[in-house]
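Take a look at the structure below.
The values are calculated or read from the model by the stated rules, or taken from the named source; none is laboratory data. Everything numeric in this text was worked out from a predicted model, so none of it was measured. Cβ coordinates were reconstructed from backbone atoms using ideal geometry, including for glycine residues, and neighbour counts include every protein chain displayed. The accessibility values were calculated without ligands, DNA or RNA, using every heavy atom of the protein model including side chains. Shrake-Rupley method; radii C 1.70, N 1.55, O 1.52, S 1.80 Å.
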Amino acid sequence: MTENTKTQTVKLLSTSGSQLGELSLDGKVFGVEPNIHVMHLALKRQLNNARRGTACAKTRAEVSGGGKKPWKQKGTGRARAGSIRSPLFAGGGVVFGPKPRSYETNLPQKARKLALKSALSAKLEAMTVVKDFSELTEAKTKAMAKILKDLNAQGKILIIADLKAEENKNLALSARNLANVKLLLPSNLNVKDLIEADSLIVCEAAINEITERLAK
């Protein structure tokens, strides 16, 4: 992996789309060369850890019934059978069926950080940095849709912001009815959501929190 230690500069916008200034992004977080392999490992870990692993099928020892030998051993012309709960019979046990298990996959912390930095760097051109959502004075889906239009956000949109902050208090209620919009806390940043997003909108405070977390 090679890092671009030069500071990345992006426009800082208001939610109406007007430029408020410029913001410097740490090259160690937003300017690394994307490591596709590590991103793949992080995505696989995330998907595996989301699996419940509760699938279960009973073996012939666990399925109920079948205590009596269905017919005598010899003289019937039929194959030998000791139980109607054999896997050969309908209603019988399952051979090598699934059992509850854990799909949990581990990945070193450094690799997880590298995957996030790689995903952020890969999405830099699709990223829009806004000051905050204080201009969203009421919880209205129509107002949120206008903001997204003003910011030229299209496709699957990922918004990273502190939803509990006073300046963003109307964000969650305004965006929840928009099917193509997903909200994410900076602390919940993950590779899957970053990869899937077509447009990325990040608050300035979230940029600072992400940088503080990943630049170490």
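A count restricted to the range 129-180 and to residues that are within 24 Å of residue 209 (Cβ to Cβ) and outside any loop (DSSP other than H, G, I, E, B) stands at 17. Here residue 198 passes the criteria (1) open to solvent by less than 50 Å² (accessible area, probe 1.4 Å); (2) under 27 Å from residue 9 (Cβ atoms) except the one numbered (1).
Results for (1) under 25 Å from residue 191 (Cβ atoms); (2) assigned to a loop (DSSP other than H, G, I, E, B); (3) among the small types (Gly, Ala, Ser); (4) open to solvent by less than 50 Å² (accessible area, probe 1.4 Å), shown as yes or no for each residue.
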| residue | (1), (2), (3), (4) |
| --- | --- |
| 22 | no, no, no, no |
| 34 | yes, yes, no, no |
| 46 | yes, no, no, no |
| 51 | yes, yes, no, no |
| 56 | no, yes, no, no |
| 62 | no, yes, no, no |
| 66 | no, yes, yes, yes |
| 83 | no, yes, yes, yes |
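Restricting attention to the range 9-44, the residues being in contact (Cβ under 8 Å) with a residue 40 or more places away in the chain and within 30 Å of residue 171 (Cα to Cα) number 19. Against the conditions (1) loosely packed, with under 14 Cβ neighbours inside 10 Å; (2) of a type in the set (Phe, Trp, Tyr); (3) in contact (Cβ under 8 Å) with a residue 60 or more places away in the chain, residue 133 satisfies every one except (1). Set side by side, the residues 28, 11, 6 differ, and just one is assigned to a helix (DSSP H, G or I), charged (D, E, K, R) and either modelled with pLDDT of 90 or more or open to solvent by 90 Å² or more (accessible area, probe 1.4 Å) (or both), which is 28. The conditions of being surrounded by 16 or more Cβ atoms within 10 Å (Cβ to Cβ) and either touching a Cys at 6+ places or on another chain (Cβ under 9 Å) or at pLDDT 90 or above (or both) are met by residue 41. Could you figure out which of (1) open to solvent by 50 Å² or more (accessible area, probe 1.4 Å); (2) β-branched (Val, Ile, Thr); (3) at pLDDT below 95 isn't true of residue 105? Just one mismatch for residue 105, condition (1). When 78, 101 are screened for being farther than 17 Å from residue 189 by Cα and touching a Gly at 6+ places or on another chain (Cβ under 7 Å), only 101 passes. Checking each residue of the range 141-151 against the condition of being in contact (Cβ under 8 Å) with a residue 24 or more places away in the chain, within 20 Å of residue 189 (Cα to Cα) and of a type outside the set (Ser, Thr, Tyr) gives no match.
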